[in-house]
Amino acid sequence: MKLGKEGYEMVVMDRGMSSIENIKMLKSLGIKVICGLRKNNKLIDIIKGIRREEIYRRENRVELKSGSVYIKGIKDLGGEIIIVYNPQLEIYRNEQAFEKGIDIRDRLYGYSLIYHDTDLVIEEVVKRYYDKDIIERAFKQMKGVIGIRPVRVWLREHIENHFRICYLAYAILSYINYKLEGTGISGKESLEILKQGYKVRLVDKSSKDGWDLWVPLEPKGKEILKKLGVVYKT
């Protein structure tokens with residue numbers, strides 16, 4: 001309900017969140033939807049009703065950042081169901097099944113379904129649906145590399161400050177990824193490499209004399225700092 005009050009015109013949902021009830025609710029709010037669909041008996045019959053050579057054609061190909069898929073739309077549910085065929089995924093899943101001794105007949109590996117009721121052409125719908133993976137990868141990195149953990153604070157101000165720090169950290173990580181584009185090194189890998197260089201302060205307890213010991217960076221680490229515009233001195 002809040003989505004309608006906030007003025008959202010369209011929502012993109014993963015199949016884990018989509019349901020007939022959710023689609024109807026969004027329609028009642030006047031919000032367009034693009035969502036993945038879980039395969040049920042009716043949808044499986046729709047997929048089986050499409051011959052491979054009918055969808056696996058050059059004119060049905062859509063180029064995504066992760067590769068190519070082939071699509072065909074069918075009007076249904078007050079909108080359009082798009083059958084998506086990914087031949088690379090089919091081969092990969094078949095090979096996994098063979099290794100586990102699974103019978104691949106009627107498995108429909110490589111096929112997925114997207115529903116929408118927008119005015120967009122289906123090629124654009126498919127691209128928008130798969131673009132959500134960018135956001136999912138962002139949150140995966142925030143939970144992994146940046147280390148978002150269960151927030152053990154209760155005051156609103158503390159919670160907001162915690163997430164400000166996390167988003168700032170992700171912004172820095174995204175910037176590192178951008179600056180290292182073309183090097184074959186990800187932001188996550190660069191942080192691991194840069195950890196190898198550090199300074200240790202040693203102090204003699206009896207004389208109180210102290211000195212610094214540097215553990216220098218490897219050449220790859222120095223190259224990363226150069227790409228980031230950071231002056232490295234020892």
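The values are calculated or read from the model by the stated rules, or taken from the named source; none is laboratory data. Owing to the predicted nature of the structure, the values given are computational and were not obtained by experimental measurement. Note that we place each Cβ from the backbone using ideal geometry, even for glycine, and neighbour counts take in every protein chain shown.
Things worth noting here:
- When Ser28, Ser19 are checked against the criterion of being more than 19 Å from Tyr129 (Cα to Cα), of a type in the set (Ser, Thr, Tyr) and free of Cβ contacts under 8 Å to residues at least 12 places away in the same chain, Ser28 stands alone in meeting it.
- Residues in the stretch 197-220 that are in contact with a Lys or Arg (Cβ under 9 Å, 6 or more places away or on another chain) and either of a type in the set (A, V, I, L, M) or touching a residue at least 12 places away in the same chain (Cβ under 8 Å) (or both): Gly197, Asp212, Leu213, Trp214, Val215, Pro216.
- Criterion (under 21 Å from the mean Cα position of the chain (by Cα), surrounded by fewer than 12 Cβ atoms within 10 Å (Cβ to Cβ) and without any contact (Cβ under 8 Å) to a residue 12 or more places away in the chain) met by exactly one of Glu99, Glu59, Glu63: Glu63
- Only residues that are farther than 19 Å from Ile82 by Cβ and modelled with pLDDT of 80 or more were counted in the stretch 3-23, giving 2.
- Criterion (under 18 Å from Val125 (Cβ atoms) and in contact with a Gly (Cβ under 9 Å, 6 or more places away or on another chain)) met by exactly one of Lys65, Lys27: Lys27
- Residues in the stretch 148-196 that are charged (D, E, K, R) and part of a helix (DSSP H, G or I) were compared, and the one that is modelled with the highest pLDDT is Lys179.
- Selection count, the stretch 197-222, where residues are over 30 Å from Thr183 (Cβ atoms) and either touching a Cys at 6+ places or on another chain (Cβ under 6 Å) or in a loop (DSSP other than H, G, I, E, B) (or both): 6
- Residue list for the stretch 183-196, restricted to those being surrounded by 14 or more Cβ atoms within 10 Å (Cβ to Cβ), touching a residue at least 24 places away in the same chain (Cβ under 8 Å) and not hydrophobic (A, V, I, L, M, F, W, C): Gly187, Lys188, Ser190
- Selection within the stretch 212-234 - touching a strand residue (DSSP E or B) at 6+ places or on another chain (Cβ under 6 Å) and of a type outside the set (Ser, Thr, Tyr): Asp212, Leu213, Trp214, Val215
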